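Let me begin by presenting the structure, written as structure tokens, before commenting on it.
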Amino acid sequence: MSKIGKKNIILPKDTSIKTEGDKLTVTGPKGSKSFFIGEKVFNTSVNDKNEFSIAPKNKEVDHKTQLLWGTYRSLINNAVKGVSVGHEKILELNGVGFRANLKGEALNLQIGFSHDVNFKFPKDVKITVEKQTVIKINGVDKELVSKIASDIKALKPVEPYKGKGIKERNQYVLRKEGKKK
């Protein structure tokens with residue numbers, strides 16, 4: 001049995017889940033998210049306490065079904081959190097002259113190159129720049145928010161000697177000792 005799959009998902013009061021065949025749609029105050037689950041393998045239900053549960057149809061559960069059970073439950077839980085509260089990543093720029101600002105539909109980064117880097121992001125994600133060294137990425141889809149944060153961090157990874165680069169807030173950077181005479 002899947003430990004994660006057995007847990008019920010508590011739905012906030014203004015969030016709802018609709019099931020139409022294979023398609024599962026989660027709606028809330030921040031937006032909506034839909035995806036497909038195996039209708040032939042899993043049953044879905046919402047009880048009177050406003051808790052959503054997913055369970056396999058067969059009593060004998062094989063290993064692959066266990067894995068999918070926990071995975072689908074986690075995906076649904078992330079969607080519920082996304083449409084009710086939203087997902088957020090905070091990036092920090094460290095380095096002399098490193099700064100960020102928004103120019104129209106693109107994020108303009110000055111990160112130590114001879115030229116500015118313009119990063120275009122999708123409309124599903126909202127990016128705000130606080131100060132000039134803090135970038136906040138918000139959105140409904142956890143996977144998309146994490147992907148955008150990863151792409152921005154890949155533009156200038158943190159180097160281990162002085163710690164210059166783009167990193168997530170509270171990310172630990174293993175520092176190295178410099179040359180000795």
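Computed from the coordinates by the stated procedures, all read-outs in this text should not be read as laboratory data. Source: prediction; values computed, not measured. Reconstructed Cβ throughout: ideal geometry from the backbone, glycine too, with neighbour counts over all protein chains shown.
Assorted remarks:
- Of everything in the stretch 40-73 that is among the hydroxyl-bearing types (Ser, Thr, Tyr) and surrounded by 15 or more Cβ atoms within 10 Å (Cβ to Cβ), the residue that is farthest from Ile10 (Cα to Cα) is Thr65.
- Under the condition of being in a strand (DSSP E or B) and of a type in the set (Ser, Thr, Tyr), the residues counted in the stretch 127-176 number 1.
- Scanning the stretch 48-76 for residues that are more than 28 Å from Gly139 (Cα to Cα) and free of Cβ contacts under 8 Å to residues at least 60 places away in the same chain yields Asp48, Ala55, Pro56, Lys57, Asn58, Lys59, Glu60, Asp62, His63, Lys64, Thr65.
- Residues of the stretch 75-103 classified as assigned to a strand (DSSP E or B), of a type outside the set (D, E, K, R) and in contact with a helix residue (DSSP H, G or I) (Cβ under 7 Å, 6 or more places away or on another chain), total: 2
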